[in-house]
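Readers should treat all values here as calculations from the given coordinates under stated rules, not as data from a laboratory. Since this is a predicted model, take the numbers as computed values, not measurements. Positions of Cβ are backbone-derived with ideal geometry, glycine not excepted, and every protein chain shown enters the neighbour counts.
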């Protein structure tokens, strides 16, 4: 059984290497976990001894297959708990991340499988992130960044890449929530900002940073 700290390291390494597949350096892990580099090195040695990572001094780390499986299982638990908190306990999508960070360490596969079944085997969490199956497979989706829509192209808000409470609060104030259909009306070349319009005809200005952190499913019915 891995400790809470070890699980957090595995999840962090998975996150940092998820899209590149490259080795992750110590400094990146230190920054991700807000931990001293010396402490990171000590933990990487422990994880290496347990066969959960490949660790090469001065080069970085890569998850082994057992390490990857452990990381994906933690992610599965985290996202299922987020669904439970939002759908069953009426938490806001901006409130659940920190709570799920604690619940994800409950070490009962039977509980997690029952939770998955109870929730109806959800495919995505409240932020639009795919939930791994029991076998560790991620559902595929065709979401794109809102900023990649063309002018007059429509889409449905389907996810966010920034899970911070400040960002989610901001989207709530704009009523830019999951499931909302919007149309991109203007793209400003100067600063990368965009103007979108919702189904009620309300126009909303979004900065380049904001639109780049929102995922949409392009509307192919038009």
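Some notes on this structure:
- Relative to the longest principal axis of the Cα atoms of the chain, the long axis of helix 4-17 makes an angle of roughly 50 degrees.
- Overall form of segment 4-63 per C-alpha gyration tensor (a/c, 1.5; a/b vs b/c): rounded
- Nearest-ten-degree value, helix 65-87 long axis tilted from longest Cα axis of the chain: 40
- Acute angle (nearest 10 degrees) that the helix 165-174 long axis makes with the longest principal axis of the chain, alpha-carbon atoms: 10
- Rounded is the label for segment 144-218, because the ratio a/c of its alpha-carbon gyration tensor axes (a ≥ b ≥ c) stays below 1.5.
- Quarter the surface of the alpha carbon convex hull of segment 75-222 and you get the mean projected area, 9.4 square nanometres.
- Rounded, prolate or oblate (a/c below 1.5 giving rounded, otherwise prolate when a/b exceeds b/c) for segment 113-155 by Cα gyration tensor: prolate
- Along its first, second and third principal axes, ordered by size, segment 1-146 spans 45, 38, 27 Å in Cα coordinates.
- Each peptide in 180-189, 3-12 gets a packing score, the mean of other Cβ atoms within 10 Å over its residues, and the list from highest to lowest is 3-12, 180-189.
- Segment 144-218, relative contact order in percent, only Cα pairs under 8 angstrom and at least six apart counted: 45
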